[in-house]
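Undergrad: Next up is a structure, given as C-alpha cells.
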Amino acid sequence: MFIQTEDTPNPATLKFIPGRIVMPEGTADFRTVDTAGRSPLARSLFGVGGVDGVFLGSDFVSVTKAADAEWFAVKPAVLAAIMDHYTSGLPAVEAAEAVEAGEPDSEIVAQIKEILETRVRPAVAQDGGDIVFHDFTDGVVFLQMHGSCSGCPSSTATLKAGIENMLRYYIPEVREVRAVAA
C-alpha cells in the first residue's frame, strides 16, 4: 500500500491519501481522542504521540499535529497507523444511528447549500479540509471549518475573499459569512 502525503495551507496539518475510500459518505472531524469513539482509524491515530486532530474525507485523512510536535517525528507513525488500519479490515467509522431530518430548508438556504456543495467543498477538500453549513440568519451565513481549515492562517481570507464574495454574488440576500466554533 502506498500512501501519498500532501502539505496543506495549514502548516500544522498534513493530508494523507491512502488510495482507497476513507468515508463513503460525508466527512468526520475528531478534535480530541474523546470524540473518536466510533472511529477505529481516528482512535489509532490519536494513539500516535503528537496527533492533535483527525479529519476523514472521502478519499483522504487530514492529521493535525500538536504545537510542540514536529512532522519528522509524527509523520512516520501516522503513516504506519493508517497502513495498519487498512490491513485490519475495520471501517474508518462505525455506523452511527440514523438522525431524523428536520424542517425543509428555505429557498435561500437551499441555494447556499447547493453552492457550498458544488463549488466550495470540492475546492476545500483538495487542501484537506471541509466547510459545513451551520445557519443563515439576518443575511449572515454561519459556517463550520473542519480538517486543515480549522485553525488555518488563511481560513479567514478563504471565508471573506472567496466564499463570502461568491455567495453574495449569486445570492443577494447574503450580506456576510462568519465562522463558528465546532
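Undergrad: Between D84, D135, D130, which is at pLDDT 80 or above, part of a strand (DSSP E or B), among the charged types (D, E, K, R) and in contact with a Ser or Thr (Cβ under 9 Å, 6 or more places away or on another chain)? Walk me through it before giving the result.
TA: Working: D84 fails: part of a strand (DSSP E or B); D135 fails: in contact with a Ser or Thr (Cβ under 9 Å, 6 or more places away or on another chain).
Going through D84, D135, D130 in turn, just one is at pLDDT 80 or above, part of a strand (DSSP E or B), among the charged types (D, E, K, R) and in contact with a Ser or Thr (Cβ under 9 Å, 6 or more places away or on another chain): D130.
Undergrad: Right, another one. Applying the selection to segment 151-182, what residues are among the hydroxyl-bearing types (S, T, Y) and over 18 Å from E117 (Cα atoms)?
TA: Correct list: S154, T156.
Undergrad: Output the residues belonging to segment 17-51 that are assigned to a helix (DSSP H, G or I) and either at positive phi or not aromatic (F, W, Y) (or both).
TA: Hits for segment 17-51 are V33, D34, T35, P40, L41, A42, R43, S44, L45.
Undergrad: For segment 1-16, enumerate the residues that are under 14 Å from the mean Cα position of the chain (by Cα) and either on the phi > 0 side of the Ramachandran plot or polar (S, T, N, Q) (or both).
TA: T8, N10, T13
Undergrad: Using beta carbons and a limit of 7 Å, which pairs, at least six apart or on different chains, have the first residue in segment 11-31 and in the same structural domain as A42 (by TED's automatic domain parsing) and the second one surrounded by fewer than 22 Cβ atoms within 10 Å (Cβ to Cβ) and basic (K, R)?
TA: L14/K75
Undergrad: Another question, then. Could you go through segment 171-182 and let me know if any residue there is more than 21 Å from S58 (Cα to Cα), in contact (Cβ under 8 Å) with a residue 40 or more places away in the chain and out of contact with any helix residue (DSSP H, G or I) (no Cβ under 6 Å at 6 or more places or on another chain).
TA: Scanning segment 171-182, I find at least one residue that is more than 21 Å from S58 (Cα to Cα), in contact (Cβ under 8 Å) with a residue 40 or more places away in the chain and out of contact with any helix residue (DSSP H, G or I) (no Cβ under 6 Å at 6 or more places or on another chain), so the answer is yes.
Undergrad: Let me ask something else. Could you pull out the residue among V54, V109 that is within 30 Å of V140 (Cα to Cα), among the aliphatic types (A, V, I, L, M) and assigned to a strand (DSSP E or B)?
TA: V54
The values are calculated or read from the model by the stated rules, or taken from the named source; none is laboratory data. Since we're looking at a predicted model, the values are computed, not measured. All Cβ positions, glycine included, derive from the backbone under ideal geometry; neighbour counts span all protein chains shown.
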